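So the structure is just underneath, and the comments pick up after that.
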Amino acid sequence: MSSTQSLLEKIAGVDEAGRGPLAGPVYAAAVILDPSRPISGLADSKKLSFKQRNQLFGDIRTNAFAWSIATASVREIDEINILQASLLAMQRAIAGLEFTPTRVLVDGNKLPQLSCPAEAIVKGDERIAEISAASILAKVARDEEMVRLDKEYPGYGMATHKGYPTRAHLAALGKNGVTPIHRRTFAPVRRLLES
């Protein structure tokens with residue numbers, strides 16, 4: 001995997017984390033790498049170990065030219081749907097960068113509305129260093145938030161499954177009910193509310 005960055009360009013890689021879970025906000029990150037400070041080990045965050053992700057989380061924030069992490073709330077997810085909320089989080093992450101990128105590369109096949117040139121790249125988190133870095137920031141930040149929410153809403157196992165619809169999570173939902181951090185428009189939660 002190589003960075004697409006030149007010394008003149010400021011290419012931001014963008015990715016999200018948390019589209020599939022039944023609970024918690026969706027996160028997005030934007031990263032502009034510094035060609036003079038390469039970061040080794042960048043890869044799709046899902047293919048890295050917990051230890052590798054956390055090491056790279058620190059490396060990226062220390063060595064990147066600029067980085068930003070943003071969210072869209074559970075309420076926003078329920079109001080505008082998860083795709084639009086993911087794109088909104090991406091917009092916020094890009095807007096939060098210290099420098100305006102000359103180009104934006106987004107993981108996937110959808111683009112947020114932006115004022116600079118942008119390209120959607122399927123499996124970009126496996127191929128583009130900037131997007132890999134963004135995927136790591138988004139995933140680690142979201143996982144940390146779900147560990148925090150586990151303490152606020154005990155009994156659901158959020159620290160373990162991070163809000164994804166595992167058997168244990170669905171059983172806890174059935175037993176304990178829906179919390180304010182659950183996405184009410186997602187089918188398992190909606191069905192529970194309707195029953």
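Miscellaneous remarks
- Unique match (being surrounded by 18 or more Cβ atoms within 10 Å (Cβ to Cβ), under 17 Å from the mean Cα position of the chain (by Cα) and in a loop (DSSP other than H, G, I, E, B)) among 101, 112: 112
- Criterion: buried (at least 22 other Cβ atoms within 10 Å of the Cβ), of a type outside the set (S, T, N, Q) and without any contact (Cβ under 8 Å) to a residue 60 or more places away in the chain - qualifying residue of 89, 93, 85: 85
- Some residue of region 66-82 being over 30 Å from residue 178 (Cα atoms), of a type in the set (D, E, K, R) and free of Cβ contacts under 8 Å to residues at least 60 places away in the same chain: no
- Given (1) in a helix (DSSP H, G or I); (2) more than 22 Å from residue 31 (Cα to Cα), number of the condition residue 155 does not satisfy: (1)
- Scope region 121-173; condition surrounded by fewer than 20 Cβ atoms within 10 Å (Cβ to Cβ), small (Gly, Ala, Ser) and either on the phi > 0 side of the Ramachandran plot or at pLDDT below 95 (or both); matching residues: 155, 157
- Selection count, region 20-63, where residues are crowded, with 23+ Cβ neighbours inside 10 Å and of a type in the set (Gly, Ala, Ser): 6
- All of 46, 10, 51 fail the test of being in contact (Cβ under 8 Å) with a residue 60 or more places away in the chain and out of contact with any Phe, Trp or Tyr (no Cβ under 7 Å at 6 or more places or on another chain), apart from 46.
The values are calculated or read from the model by the stated rules, or taken from the named source; none is laboratory data. Owing to the predicted nature of the structure, the values given are computational and were not obtained by experimental measurement. Virtual Cβ from ideal backbone geometry, glycine too; neighbours counted across all protein chains shown.
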